[in-house]
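Input: a single structure, listed below in structure tokens.
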Amino acid sequence: MTTVRLATRGSAQAVTQANLVAEQFATAGIDTRLVLVETHGDRTQATNVPLHTIGGQGVFVKEVQAAVLDGRADVAVHSAKDLPTETDPRLVIGAFTERRDAADALVGRSIADLGAGATVATGSVRRRAQLGRARPDLEFVELRGNIHTRLERIPPQGSIVMAVAALQVLDLTQRIAQRLDPSEFVPAVGQGCVALECGIGDRDIRNALGEVDDDETRYEIEI
């Protein structure tokens, strides 16, 4: 097989994830190279515009998918949680990589250490709803940007919410103040996993993706 082209966002987390996928392919004897793609979600990172107002789920994936559909790449590499439930019918998820910790975490202060009326920054409606149920006194503000930018924007005496897996990928788990129990703070579908899409009729690439597909993770996420 010729070199498999992996389309990915250009953020540090996305590139690191794609390089880890490339290592898995290399173990299977398959050469790869990265194709970096800028998405609509990336272009609006600095604006603090809430994600749900600019398209919500899918704003970080459509241009990466387009790279496969127009022939610039063979595989689209996504954080599985960014994928909408219904995706382009011309594509298929050929692999889910082994899942990391699926939980969310507070960075800054733990729930118990947040004072009355403390500020928590997150761009997720889901995270706000769940934290607000546990602590109705909390104040929430918008949070956008790459991981390092977010870590610089922890409110004074407050916290930000991040996926544990994102911090694992960049070796930043020492920043976690509290891992949020998934039985109370339900994470996004597919959180902690990388999804690999290819053209539905591309049998050679689908066979290659079978080399890195994790059966247990696929079972969990498809449910």
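The values are calculated or read from the model by the stated rules, or taken from the named source; none is laboratory data. Please read these numbers as outputs of a predicted model, since none were measured by experiment. A quick note on method: Cβ atoms are made from the backbone with ideal geometry, for glycine too, and the neighbour counts reach across all protein chains shown. Each accessible area value is taken on the protein alone, full model and side chains, heavy atoms only, with ligands, DNA and RNA left out. Shrake-Rupley method; radii C 1.70, N 1.55, O 1.52, S 1.80 Å.
For region 128-223, with all protein chains present and a 1.4 Å probe, just round the carbon and sulfur fraction of the accessible area to a whole percent.
45
Just to check, using Stokes-Einstein with a Kirkwood Rh over alpha carbon pairs, what's the diffusion coefficient of region 103-223 at 25 °C and 0.890 mPa s in µm²/s?
153
If R₀ is 30 angstrom, what is the calculated FRET efficiency for the pair Glu98 and Arg153, using the beta carbon separation as r and rounding to 0.05? Spell out each step's value before the answer.
Values: r = 31 Å, r/R0 = 1.02.
About 0.45, to the nearest 0.05.
When the chain is treated as a GNM, springs tying every alpha-carbon pair under 10 Å, which of Glu142, Glu23, Glu184 comes out with the largest mean-square fluctuation?
Most flexible of the set in this elastic network: Glu184.
Mind telling me which of Pro84, Pro136, Pro187 comes out most flexible in a GNM of the chain, alpha-carbon contacts under 10 Å?
Taking springs between Cα atoms under 10 Å, the residue moving most is Pro136.
Modelling each spin label as a point 7 Å along the Cα-to-Cβ direction, I'd like the Ala134/Glu222 distance in nm, to one decimal.
3.2
Using C-alpha positions alone, give me the convex hull volume of region 93-167 per residue in cubic angstrom.
Working: hull volume 7.9 nm³, N = 75.
With only Cα atoms used, region 93-167 gives 106 Å³ per residue.
Hey, got the dipole for region 73-171? About the Cα centre, +1 on K and R Cβ, -1 on D and E Cβ, debye to the nearest 20?
Details: 13 positive and 13 negative charges, 51 e Å.
Charge dipole, region 73-171, about its Cα centre: 240 debye, nearest 20.
So what is the accessible area of the chain per residue, in Å², with the probe set to 1.4 Å?
So the chain comes to 48 Å² accessible per residue, rounded to a whole number.
Which of the listed residues, Gln17, Val141, Ala177, is farthest toward the dipole's positive end in the chain, when Lys, Arg count +1 and Asp, Glu count -1 at the beta-carbon?
Toward the positive end, the furthest listed residue is Val141.
Which Cα, out of Gly117, Pro89, Pro187, lies furthest along the positive dipole direction of region 85-223 (beta carbon charges, K/R +1, D/E -1)?
So the residue we want is Gly117.
Cα-based Rg of region 175-223 per 2.2 N^0.38 Å, rounded to two decimals?
For region 175-223, the normalised Cα radius of gyration comes out at 1.56.
Can you list which of the DSSP-assigned H helices in the chain have a Cα extent of 20 Å or more along the long axis and an average Kyte-Doolittle score of at least -1.0?
Going by DSSP H runs, the hits are 12-27.
Helix-only mean residue ellipticity at 222 nm, the chain, DSSP H runs n ≥ 4 weighted -39,500 (n - 2.57), per residue, nearest 500. What is it? Mind showing how you got there, number by number?
On the way: 8 runs with 64 residues, N = 223.
The per-residue figure over the chain is -7500 deg cm²/dmol.
How big, in percent, is the set of alpha carbon pairs in the chain lying more than 25 Å apart?
Numbers: 9802 of 24753 pairs.
Across the chain, Cα pairs with separations above 25 Å total 40 percent.
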